[in-house]
Structures are given as structure tokens and as C-alpha cells.
Amino acid sequence: MRENYEKVVVHNLLVLGKGNGRGSSTGYDNGSSTQERDDHTTITANSDEEQLKVIQLMETSLPESTHAERQRFLVDCNGNQTAAIDKLRKYIKWRSDHCDDALREELDSWTYATQMLQKCGAEAVTTLPCIVHVHEQTTRYVQHLPARIDTTLAKPSTYALALAIFLEHLFDRNSNEKITLVIDVRAGQGWANILAIHLIPFMQTSCRLLCDVHPERLESCIIFPMPKVANVIWKAVKPFLHKDTRKKIVLVNGPAGVKDPVPKKMSHLMDEEMIHQLEVKRRSCFST
């Protein structure tokens, strides 16, 4: 069962790669091919000077957007002005439908996310197990615990939306901050630990949403612990991922049981103090 879980994780990285600003999976026209760019682009920013001009034009079209947002969406769309404006406009509409700035300062990110679910009518849920935690260091680490997802409480798509809203609350719209996403696929004591097949909708929806509303926010993604069989799958899908996405993803081998320790190789990717913080937080979420 755990091997199937890790296969699903790697499989959905392919979806993430296809949605990395070069062809969105939710209908955003991102200039995913040369023909599309030739047909629809008004201006393509190929230099810093051209980028500045395009960003100024984007501000005229979308004055409610921030300078940092215009930069990120333009980079994500490979300098394609029309695609960037279209994608940014859809993000602003999404944000208007799913967020409330009046509550940003009052609530922590997960509480805010679950309350916003009710605002947008996703589901009548007041409490969902927290599947994501933030750890501060020079770079912010976002710890994701997918084994906590309980589909008896809400649909997978609801958790995916909560994750996107959580990150919206976390990020400053005026910054281009990037995060390190750490996905710990181990089971947990007292968690739902649902079958991998039931996580596919969550992972697919998450990939689409995060690519569409939070482009250029990922510094790196560490997925652990993965069984050796997953390396074969990774080699099969790796050539199909966009090169920028491939460079950001690191798979760390190891057993994924409840009591299995963090693989030693993790110490090459982050310091021991951060590893300790992640493990303490994971175990604090256990229940009997």
C-alpha cells in the first residue's frame, strides 16, 4: 500500500511539470507552445527593459495586482504578456472568491483556510486535520503530511483548495518569496492513512491549483521517504517534466512506516535542527 502511495506522488509530479507555467491544466492560456505565443502575444519580454515595459502594461490592465505578482506571472509565462495578464486576472478573481483580507491578521493560516472554505461554499466543514505546517529558517519550510487527509470529513478537492488558500495567507503579495516544500509520506498514528488511490484527486487538484495561483513560489520540493522501486518510476517520468521542475524535486529513499525514522540522507538537504523540528511537529500530530 505504501509503495502505491509513493507511485502516486511521483506520477503526479508529471502533472505538476506540465502545469509549470508552460501549459496550465485548468484552462489558463499560458503560451504553452510557440504557435500559441505567435498567435496571441502582444509583447514578449526577452530582456529586462522589455520586461519592465510589459509589467507597466500589466499594471494598466490589472491595477489591483502588485508589482511582485506581475513579475512572477510574467516569468511563469515566459515573458508572454497576453498569457500573463490572462493568468493573473484569473488569479485575482480566484483570490476575490476565496480570500478575505479583513481576517488575515486575526487567524493563523490553517484556521483562515478552513474558514474561507465556508465563505466560498466548498463544504460545510469547520474542522479539518491540519495537513501543512510552516517552519521558519533562512528559507521557510512548508511541511506537508498527506497521510492526515481524511476523506470522511471532506472531499479531496476541498483539502486541495484549503492548501492553496493556506499558502495565499502565508505569502506576502508584495514579495517574491519562495518556499521549500517538504512532503513526508510516512503514515501516522491515529491518522486516516487512506489508500493511495483515494489521494489521486487531491494531488491532481493541488498541482493544478498551485501552478495556477502560486507560480514561481517553489524553491525546491523534497519528497521522503521513497522506496527504491520509486526510482524506476521517477526515471520514466523525469524526461517529461519541464527542466525547471526537475531541478527542484528531490526524492529521498527509505521505508515509510509510522515508526520509521527520517532517512539519513535528509541531513545533506537540510540541517539537523530543521529535521528535528519537522519530526517533533509530525509526532505532535499523532493521536491514540
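Taken together, the values in this text are just the output of simple stated rules run on the coordinates, not laboratory data. Source: prediction; values computed, not measured. Here the Cβ is made from the backbone with ideal geometry for all residues, glycine too, and neighbour counts use every protein chain on show.
In order along segment 277-283, the phi-based Karplus estimate (6.51 cos²θ - 1.76 cosθ + 1.60, θ = phi - 60°) of 3J(HN,Hα) comes to 4, 4, 5, 4, 5, 4, 6 Hz; Gly and Pro are listed as x. Amide H to amide H distances under 5 Å link V132 with L145, where only residues 5 or more positions off or on other chains count and H is placed in the peptide plane.
Counting only Cβ charges, +1 for Lys and Arg and -1 for Asp and Glu, the dipole size of segment 43-99 around its Cα centre is about 240 debye. A cut-off of 5 Å between modelled amide H atoms, ignoring neighbours fewer than 5 places along the same chain, links N80 with A45.
Residues in segment 135-143 carry Karplus couplings, in order, of 10, 8, 7, 4, 10, 7, 9, 10, 8 Hz; the curve used is 6.51 cos²θ - 1.76 cosθ + 1.60 with θ = phi - 60°, and Gly or Pro positions show x. Modelled spin-label separation between K53 and D271, with each label point placed 7 Å from Cα along the Cα-to-Cβ direction: 4.6 nm.
If the segment from D100 to H67 were pulled out straight at 0.36 nm per residue, it would be longer than the present Cα-Cα gap by 9.9 nm. Within a straight-line Cα-Cα reach of under 27 Å, K155 can be paired with the following lysines, leaving aside sequence neighbours fewer than 8 residues apart in one chain: K7, K18, K87, K90, K93, K119, K281. One chain, two ends: R140 and N176. Fully extended at 0.36 nm per residue, the span grows by 11.7 nm beyond their Cα-Cα distance.
Put simply, the amide H of R140, placed in the peptide plane, has neighbours under 5 Å in T180, leaving out anything fewer than 5 places away on its chain.
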